[in-house]
Amino acid sequence: RKRMRESFEDFLNVDARAASCLSVYVDELLRVGLRGATEDQITQELNKVIVVFRYLSDKDVFESFYKQHLAKRLLGGRSVSDDAERAMVSQLKAECGYQFTSKLEGMFNDMRISRDMQDL
């Protein structure tokens, strides 16, 4: 079993494309893939993403791509739900710590401030 995990990790980290592809997959999930899904279904799908994420050695590459995709989703209003977005960020935070997600959380705050300013 340990050998299988090590082999999967080696395969996944041959190059940085795995981090990019995982980020694209998450983007697709949060734009259209989870539309109409229940909270439990969203949690299950995001948990599956985190399982693969744990094996990535290029977590910084994933973060970079994820940040770009998140910005496009937030600015374009193309996200399935704010709750799903926040759930993904909170799972990343639990996995990697506050420093990893501070900029992502800042993006949510910026969007909230922008909405509040428009409402005035």
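The values are calculated or read from the model by the stated rules, or taken from the named source; none is laboratory data. Everything numeric in this text was worked out from a predicted model, so none of it was measured. Cβ coordinates were reconstructed from backbone atoms using ideal geometry, including for glycine residues, and neighbour counts include every protein chain displayed. Side chains included, ligands, DNA and RNA excluded: accessible areas come from the protein's heavy atoms. Shrake-Rupley method; radii C 1.70, N 1.55, O 1.52, S 1.80 Å.
Structural remarks
- Selection status of residue 108, under 23 Å from residue 13 (Cβ atoms), aromatic (Phe, Trp, Tyr) and in contact (Cβ under 8 Å) with a residue 24 or more places away in the chain: no
- Of all residues in region 39-65, those that are over 14 Å from residue 20 (Cβ atoms) have Cβ atoms under 9 Å from Cβ atoms of residues that are loosely packed, with under 15 Cβ neighbours inside 10 Å and aliphatic (A, V, I, L, M), 6 or more apart or on another chain, in 50/94.
- Some residue of region 67-84 being open to solvent by 30 Å² or more (accessible area, probe 1.4 Å), touching a Lys or Arg at 6+ places or on another chain (Cβ under 7 Å) and among the charged types (D, E, K, R): yes
- Restricting attention to region 86-101, the residues that are under 13 Å from the mean Cα position of the chain (by Cα) and either of a type outside the set (D, E, K, R) or loosely packed, with under 12 Cβ neighbours inside 10 Å (or both) total 10.
- Residue check for residue 32: part of a helix (DSSP H, G or I) and β-branched (Val, Ile, Thr): yes
- Residue 64 fulfils the conditions (1) out of contact with any helix residue (DSSP H, G or I) (no Cβ under 9 Å at 6 or more places or on another chain); (2) assigned to a helix (DSSP H, G or I) except for a single criterion, (1).
- For the condition under 21 Å from residue 106 (Cα atoms) and free of Cβ contacts under 8 Å to residues at least 40 places away in the same chain, residue 75 qualifies.
- All positions within region 67-120 that are within 14 Å of residue 26 (Cα to Cα), among the small types (Gly, Ala, Ser) and not in a helix (DSSP H, G or I): 79, 81
- Scanning region 50-66 for residues being open to solvent by less than 20 Å² (accessible area, probe 1.4 Å) and within 13 Å of the chain's Cα centre (by Cα) gives a total of 4.
- Within region 1-43, being among the charged types (D, E, K, R), open to solvent by 30 Å² or more (accessible area, probe 1.4 Å) and farther than 15 Å from residue 54 by Cβ holds for 1, 3, 15, 17, 28, 31, 35, 39, 40.
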